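The values are calculated or read from the model by the stated rules, or taken from the named source; none is laboratory data. No experiment lies behind these values; they were computed from the predicted model shown. Cβ placement follows ideal geometry from the backbone for every residue including glycine, while neighbour counts extend to all protein chains displayed. Calculation scope for accessible area: heavy atoms of the full protein, side chains included, ligands and nucleic acids excluded. Shrake-Rupley method; radii C 1.70, N 1.55, O 1.52, S 1.80 Å.
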Amino acid sequence: MIRGKPDEDDYWNNSKFKAFTFDDEDDDFTRLKESKRAVNSIRSLVEEEDEEDDVEKVSWSGEPVGSISWSVKETESSIRSTGEVRDQSFPKIHTAPSLPKNSSGYSLSSLFKGKAKTGSFQSFSESFGDPSIRNYAPELRKPKSEYKDYVSDWTPEETVKRMQQGKVYSLEKFRSLQDKLLLLDEAVNAHDGNVITAVLIYLKKSLSKEILFRELITREIALRHYIHYLKEIGEQKLLVELFKSMDRTEDMALMQYRDHLNVRDENKRRDFLKNCLSFPFSPDDATHVQDHYTLLERQIIIEANDKQVESSGQADIFKKYPRKASILNMPIITTLYYSCFYHYGESDGTFSSPANIRKTFRISDKQFLLTCLGARAKLKAWFDVDALFTTKNWLGYTKKRSPIGFHRIVDILQKNNAPVQVLQDYVNLVEDVEQKISLAQKYKCHDVIINTYRDLKDRQQLIVYRGKVERSSSEYRKIEEILSNSQLRWKN
Amino acid sequence: MRVLFKLVLLSQVGWQSFDHFMTACHGARPGVMVVFNLAAAVTMSAWCSETECVDCRLGLLSAPLMDLPQVTREVNGWAGVSLCSTSGPMAHSVRRDAPELPDFSLLKRLARDQLIYLLEQLPGRKDLFIEADLMSPLDRIANVTTLKQHDVDKLYKVEHKPIVSTSDQLCFLIRPRIKTVKWICDVVNADKAFGRFRRYKIIFSPQKFYACENLLEEQGIFGDVTTDEWSFYLLPLDDDIISLELPEFFRDYFLEGDQRWVRTAGSALHLLHSVYGPFSKVYGIGRCSKMAYESWREQVEEGEQRARQAEIGNVFLIDRDVDLVTPLCSQVVYEGLVDDIFRIKCGCVEFCPDVTSSDKSIKVMLNSQDKVFNEIRNEHFSQVFGFLSQKARNLQTAYDKRSGMDIKQMKTFVSEELKGLKQEHRLLSLHIGASESMMKKKTKQDFQELLKTEHSLLEGFEIRECISYIEEHINRQVSMVESMRLLCLLSLTENGLLPKDYRSLKNQFLQSYGIEHLLTFSNLKQLGLLVEQQPGETLTVMESRVGKLVNDKTAGKLTDAFSSLAKKSNFRALGRRLNLVPKSDEEYDLRVPRDMAYIFSGAYIPLSCKLIEQVLERDGWTGLEEVTRMLNGHEFAVTAGSNGSDARVKTDSQRIILVMFLGGCTFSEISALRFLGREKGLKFIVVTTAITNSARLLESMLDNHA
């Protein structure tokens, strides 16, 4: 799009991120050649652009000056960072970093200036140094003839700074391990994640993974960037090795486990999960993963069976309530609900029976009851609902018990549109009298209210309540009856 | 009248006289602003409005500039010269007393103009693919016509699927995400395989990342694709809210530990500083805040200073993880509640049919332009109904005026009042509908009981009951995110769960919502949102150990290694020290809020806002040492050297405080700050990486999809 671009592309392609494999036997040699080529290409670029200097300026106006394009270009350069674009008369810099053409544009003085490290904060007045001096000084310091040496001149600090500003930089010269690490530490010191990752990409290409891993152990920030980068580009294998080398086995296991989400086919997914069982999870997580495997295994069996039964039209329940979705990959509780819905009363031995699921996945009484209740209430199987709570004592008397408060049961039943006759049985079981009355009122269980007031011998409330029911109703008659009962000793 | 011009060529030459420049430009007439770059335009337009100079036409250069190299040389020759011809009586007009909020629409214009420039970099007709979450922000600053005017043919949303475009030129407007770049690589390589030639351009917003470019290179399409940056850092959502629209900031930084957005935050600050600054004081707390400050400071250092009158004096930077409790609380202030229930996206909400009481949903912009909304947005929900019905009555009265009007009066009524009334009527019925719908939704899920549990957690009262409430919530498979929210609140307020509770609740959660949430739990633990109490180690031991590390600069690396340990929330101790939880036995009149606690029904003063209040009051962190220690340090307060502006201006801008939340802030917090502003005679401008709420925050922790 802008003249001079091909040169840059050359430069980038040749030098910066050449595809690189760790297995490469003669990587040193390749790298050497590569660097040489890079340096050469840079030199030609520098020289060429040097000559072009004036021409470039003209080309700046090449676009019709009145166009938005022209003016907004100015905008763009100024917004990006007012600092970096002092040489904005050379638009190349906006698309890809290019080599310096006008030294005044690269306020090196700012680099030479004592850099305030993290934590110590320069006052504003200090940072607002006299711009005119600062910006034009380098011109004096660096005559044009020295351009060629730029690349090798940049210290880690300068390099990082240039990378931050989107200027041309070169990482090739950081060849010794020490230099590489200095560069990495400098990037970390600059707090710019983008640059940290860029340096890590370079280190990934130019260091054996063992060495890189070893160095990252003591560099937490860089390490986290590296892990995130590997995650993003999907280099699972390398990540596994990294975790392994750092003894972060749980992270490794979880990360591998995560991959099951990418397996669409349920049988393959099951096999994948089976494979996961051997991963070094924490003891708790290992149990969960085991459950996950067992669950999917069961779901596959249940799904195959039910699909067949449903299509053959053998079972009424599927005809009456066709399945809306497959049970595959549903949570345990949803599976239990499904089982309570379609497979209630099956013997404990079958995989699809509620009892079997409850046992296999160690589902708590409370949880089991809630789920079962929901499913049976949905089917309006009130008899089953009753049976859930009924216990017999040794004398053979039956009594209703629940691990959760009966007010909750009422709530669930009501949400499943239980009729008043059913509801009031459970409202009656609520222990707290006030709660009982308020629930009864909410769900219009007149009998419960009337009986409760009667038991409380609360004549006044009963009279009040009489006013709320219809005159012709049976409730009204019942209240009348009670109120006229002379046997009762009212408290008011 | 002779017009006064100041021409500022930012990053080029400093101050220039317009006349000088004019001479250099053939054919340009005085009275037309000639603008070299937009920063200069900003300065000038600000200056023009200050001096109420009406003759200036702020336009981009329209006269043909024949001899540009010469001009360039001229301009370069003027470097360091600071000229400003003064004439005209209005050079320093009278300023108003009350601090007015700066005009942020400028930011939109900057972004739009730059986008147009970038589009023109790919001349000719082209199809534009836009990243899904860039569409709304784009809508706020430009429209389809703008794009069409610049040769955009068809618009597509990035869907990570093969494309159907027939255009010879494709432009991709995307966030710098590996996933999206990968998709583009696939598109380009598919074209190559078909032997199809097209031109491609990627515009990264707000900046590009090396990792993305590296991917282009690895996929062999570097060079086939040109790349650019659209520095669209800041989107003004309202008069006092500016968003970076980077919801991934939270996960990337706080969970993954990736600092890729730190410089972005610094650049955003830098932009604000150069347009509305110079700032004179910066306070902050949190590691990221510190780094963002550093990055900004470096960028200021690299650039040039402009002597202009500050519109914003003070800045407060705060990391989201300084206060994770607040965003996890149910919002009960109107705007927050609307966000929790309907999700406000980029300042716009879609009201579903049951709100609009029609058969279609309506998209509504929610900002200060909406007069009805503006009056209720900061109100506690319980107050809103009363307000709306009063408003409805007033409206009725206004309508009723018609009866008994003669023709002439009627005419005036219709031409002057009716439109306003109709508008108000429309808004009113929308907000009444929304309130009703929210009311219904909330009663359905036993909102009162939920709030009671939350308040108990905040107070540290009846924790066992809270746990069984949460347990049941999980057992009944009620909203997964809601269950997670309660678990996190429990953990944050209690400094972690007892190992027994942790195990049992985790087990039940996995049973109810899927075992793959193992991954979510691991993330929540990593971030410190949901942790097990460490047996054996008392809090104080931990604190002093971590505190020591934090203070020791040489141990920077170690600090990081321990950062997960340091993430103890210390909520109870902080609450006591800062009086965050008012005594529950006192009545709290929500009609006349007495403090910021009103945003949570009087139950809790948001920690984030309380810190801001305290630091502003004390003009620094003095006296808050214990608090900052419990917050894991990283606090700072910096003052600039004198900046020469006169005292009155200074006090004006001093009363405008820019608060930047790194990692997102909630509408409730914004409401609290508005309240604080009214109380103290301050104006707050909230800059946030994104508007967040409990659901967004927790959804960003999920890992349960491929």
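Okay, here's what the table says:
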item: Residue within the range A:199-218 that is in a helix (DSSP H, G or I), of a type in the set (Phe, Trp, Tyr) and either more than 24 Å from the chain's Cα centre (by Cα) or modelled with pLDDT of 90 or more (or both) present; result: yes
item: Some residue of the range B:231-250 being surrounded by fewer than 24 Cβ atoms within 10 Å (Cβ to Cβ), within 30 Å of residue B:345 (Cβ to Cβ), without any contact (Cβ under 8 Å) to a residue 40 or more places away in the chain and in contact with a Lys or Arg (Cβ under 8 Å, 6 or more places away or on another chain); result: no
item: Among (1) closer than 22 Å to residue B:109 by Cβ; (2) surrounded by fewer than 24 Cβ atoms within 10 Å (Cβ to Cβ) - the single one residue B:180 does not satisfy; result: (1)
item: Residues of the range A:330-378 satisfying the condition of being in a helix (DSSP H, G or I), at the interface with another protein chain (Cβ under 8 Å from one of its Cβ atoms) and surrounded by fewer than 20 Cβ atoms within 10 Å (Cβ to Cβ); result: A:334, A:366
item: Residues (loosely packed, with under 12 Cβ neighbours inside 10 Å and not in a loop (DSSP other than H, G, I, E, B)) located in the range A:306-329; result: A:308, A:311, A:312, A:316, A:319, A:320
item: Members of the range B:110-130 that are in contact with a helix residue (DSSP H, G or I) (Cβ under 8 Å, 6 or more places away or on another chain) and either assigned to a helix (DSSP H, G or I) or within 12 Å of another protein chain (Cβ to nearest Cβ) (or both); result: B:110, B:111, B:112, B:113, B:114, B:115, B:116, B:117, B:118, B:119, B:120, B:121
item: Subset of the range A:150-198 that is of a type in the set (Gly, Ala, Ser) and outside any loop (DSSP other than H, G, I, E, B) - its residue that is nearest to residue B:263 (Cα to Cα); result: A:193
item: Top-ranked residue in the range A:253-270 [being without any contact (Cβ under 8 Å) to a residue 12 or more places away in the chain and within 11 Å of another protein chain (Cβ to nearest Cβ); ranked as most open to solvent (accessible area, probe 1.4 Å)]; result: A:264
item: In the range B:102-151, the residues that are open to solvent by 20 Å² or more (accessible area, probe 1.4 Å), among the hydrophobic types (A, V, I, L, M, F, W, C) and more than 20 Å from residue B:233 (Cα to Cα); result: B:144
item: In the range A:457-478, residue farthest from residue A:421 (Cα to Cα) [restricted to those that are touching a Phe, Trp or Tyr at 6+ places or on another chain (Cβ under 7 Å) and assigned to a helix (DSSP H, G or I)]; result: A:459
item: Single residue of the range A:276-301 satisfying the filter (over 17 Å from residue B:512 (Cα atoms) and out of contact with any helix residue (DSSP H, G or I) (no Cβ under 8 Å at 6 or more places or on another chain)) that is least open to solvent (accessible area, probe 1.4 Å); result: A:286
item: Members of the range B:211-226 that are outside any helix (DSSP H, G or I) and at the interface with another protein chain (Cβ under 7 Å from one of its Cβ atoms); result: B:222, B:223, B:226
item: From B:242, B:202, residue being in a strand (DSSP E or B) and in contact with a Pro (Cβ under 6 Å, 6 or more places away or on another chain); result: B:242
item: Residue tally, condition open to solvent by less than 10 Å² (accessible area, probe 1.4 Å), free of Cβ contacts under 8 Å to residues at least 60 places away in the same chain and not aromatic (Phe, Trp, Tyr), over the range A:166-189; result: 4
item: Hits in the range B:448-461 - residues which are surrounded by 15 or more Cβ atoms within 10 Å (Cβ to Cβ) and without any contact (Cβ under 8 Å) to a residue 24 or more places away in the chain; result: B:452, B:456
item: Qualifying positions in the range B:313-347 - within 14 Å of chain A (Cβ to nearest Cβ), over 14 Å from residue B:665 (Cα atoms) and among the aliphatic types (A, V, I, L, M); result: B:315
item: Helices (runs of 4 or more DSSP H) contained in the range B:349-424 and holding at least 3 residues surrounded by 14 or more Cβ atoms within 10 Å (Cβ to Cβ); result: B:353-356, B:371-376, B:381-400
item: Residue A:463, sole failed condition from (1) farther than 20 Å from residue A:365 by Cα; (2) surrounded by 15 or more Cβ atoms within 10 Å (Cβ to Cβ); result: (2)
